[in-house]
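**Student:** One structure follows; several queries about it will come next.
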Amino acid sequence: MTFTFGIYPGGLIGDETGLIEPVHPDDPALITAALRELQGVAPAFLVRAYRQHPEGRATPAEPERYAVEGRRLDLVLQFREPDGRLDGWLDFVRHTVRTEGHRIALLQICEEPNVALPVLDGSVPNVRQALVQGVIAAKEEALACGRDLRVGFNAALNLDPADTFWTELGALADERFHRALDYVGLDFFPDVFRPLPPERLAELVAAVLTDFRHGSVAKAGIGPSVPLRICEHGWPTGPDRTERRQAEVVAEVVRTVAGLASELAIEGYAFFSLRDADSAGAGAFDRFGLLRDDYTRKPAFDVYRRLVAELTSS
């Protein structure tokens with residue numbers, strides 16, 4: 001099984017209340033240089049981007065400019081129709097496959113549909129139907145057009161035993177959905193929103209991934225042959241979060257994920273994100289980057305670059 005890496009390269013980021021605009025606009029030349037360096041000699045590297053329905057806004061802007069030199073898009077289609085109407089959604093999905101499929105490696109349908117925060121699709125009515133029908137439509141269009149892309153969806157980590165997302169999804173998922181589904185993604189940020197003992201980080205990451213595979217995903221009737229991906233993982237720096245510790249966390253989590261790749265059928269990992277939104281900001285969401293907001297590098301940048309070179313398989 002191949003194992004590929006990627007990153008979200010934009011400065012725009014969302015928190016629990018809304019979107020945070022970066023203090024400096026994205027610099028395409030500096031982004032391209034950083035992507036090129038992270039990719040190194042790896043034959044493939046994924047550029048994560050987000051496109052909203054119905055507005056059509058993409059972040060980073062014009063993500064196709066980064067899908068060159070062996071890099072392809074890990075493109076997320078967000079279902080942001082306020083009243084949950086499906087009118088136009090499936091047309092949007094199919095149009096994306098037809099017009100952008102040649103530069104897309106992964107097409108993710110919906111963004112964190114199990115989280116009811118304003119910036120996430122879980123807050124939108126009818127999102128489960130949008131997910132199921134969107135996966136089917138994307139795969140059918142890809143096959144019809146001869147597009148070589150993989151279709152999936154993601155979810156955020158939820159440790160609440162009363163959560164019903166996965167069983168509700170399983171009730172909606174029919175045979176066509178299961179045939180169309182190429183992967184399931186996980187967004188998780190250990191030791192960010194709930195502090196963990198540093199000496200137990202790897203152990204707890206392994207436990208979370210194992211439970212996600214055999215617990216959450218299985219509740220939806222999705223079998224162990226469907227690969228998992230880490231779609232978003234990060235660890236922000238700040239006054240009480242050193243850049244050195246960020247580098248250590250990146251190394252430990254990535255190695256733990258890669259070490260479980262065979263056992264849990266994990267096929268890839270993407271870091272969130274390339275640079276800070278605001279390196280002087282007080283909020284945790286301001287400083288997720290491997291680079292500072294002026295594109296100068298933190299130690300974690302070189303750590304991630306070396307991990308990509310060491311652990312990429314083809």
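**Student:** Kindly provide the set of residues from the stretch 220-237 that are surrounded by fewer than 16 Cβ atoms within 10 Å (Cβ to Cβ) and either touching a helix residue (DSSP H, G or I) at 6+ places or on another chain (Cβ under 6 Å) or at positive phi (or both), ordered by number.
**Tutor:** Hit for the stretch 220-237 is GLY221, nothing else.
**Student:** Considering VAL308, VAL208, which residue is under 30 Å from THR17 (Cα atoms) and outside any loop (DSSP other than H, G, I, E, B)?
**Tutor:** Result of the check over VAL308, VAL208: VAL208.
**Student:** So, in the stretch 17-44, of the ones that are of a type in the set (S, T, N, Q) and assigned to a helix (DSSP H, G or I), which residue ends up surrounded by the fewest Cβ atoms within 10 Å (Cβ to Cβ)?
**Tutor:** Selected residue: THR32.
Matching residues to (1) basic (Lys, Arg); (2) within 20 Å of ILE230 (Cα to Cα); (3) part of a helix (DSSP H, G or I):
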{"site": "GLN133", "(1), (2), (3)": "no, no, yes"}
{"site": "GLU140", "(1), (2), (3)": "no, no, yes"}
{"site": "LEU143", "(1), (2), (3)": "no, no, yes"}
{"site": "ASP148", "(1), (2), (3)": "no, no, no"}
{"site": "GLY152", "(1), (2), (3)": "no, yes, no"}
{"site": "ALA155", "(1), (2), (3)": "no, yes, no"}
{"site": "ASP163", "(1), (2), (3)": "no, no, no"}
{"site": "THR167", "(1), (2), (3)": "no, no, yes"}
{"site": "GLY170", "(1), (2), (3)": "no, no, yes"}
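**Student:** Now for a separate question. Looking at the stretch 183-211, which of its residues are surrounded by fewer than 20 Cβ atoms within 10 Å (Cβ to Cβ) and more than 30 Å from GLY281 (Cβ to Cβ)?
**Tutor:** GLU203, ALA206, ALA207, THR210, ASP211
**Student:** Still on this structure, please answer the following. Does ASP160 satisfy the criteria of being more than 28 Å from ALA105 (Cα to Cα), surrounded by fewer than 20 Cβ atoms within 10 Å (Cβ to Cβ) and acidic (Asp, Glu)?
**Tutor:** The answer is yes for ASP160.
**Student:** Further question on the same structure: Could you grab the pairs with beta carbons closer than 7 Å, sequence gap of 6+ or different chains, first residue in the stretch 218-232 and part of a loop (DSSP other than H, G, I, E, B), second one among the aromatic types (Phe, Trp, Tyr) and buried (at least 16 other Cβ atoms within 10 Å of the Cβ)?
**Tutor:** ALA220/TRP166; VAL226/TYR183; PRO227/TYR183
**Student:** Can you find a residue that is among the acidic types (Asp, Glu) and not in a loop (DSSP other than H, G, I, E, B) anywhere in the stretch 104-112?
**Tutor:** Within the stretch 104-112, not a single residue is among the acidic types (Asp, Glu) and not in a loop (DSSP other than H, G, I, E, B).
**Student:** Only residues that are assigned to a loop (DSSP other than H, G, I, E, B) and either within 12 Å of GLY6 (Cα to Cα) or at pLDDT below 95 (or both): list them for the stretch 262-276, please.
**Tutor:** Matches in the stretch 262-276: SER273, LEU274.
**Student:** Specify which of the listed residues (LEU107, LEU131) is within 22 Å of GLY6 (Cα to Cα), of a type outside the set (D, E, K, R) and touching a helix residue (DSSP H, G or I) at 6+ places or on another chain (Cβ under 8 Å).
**Tutor:** Residue meeting the stated conditions: LEU107.
The values are calculated or read from the model by the stated rules, or taken from the named source; none is laboratory data. Fair warning: this is a prediction, and the values are worked out from it, not measured in the lab. Here Cβ is always computed from backbone atoms with ideal geometry, including for glycine, and neighbour counts include all displayed protein chains.
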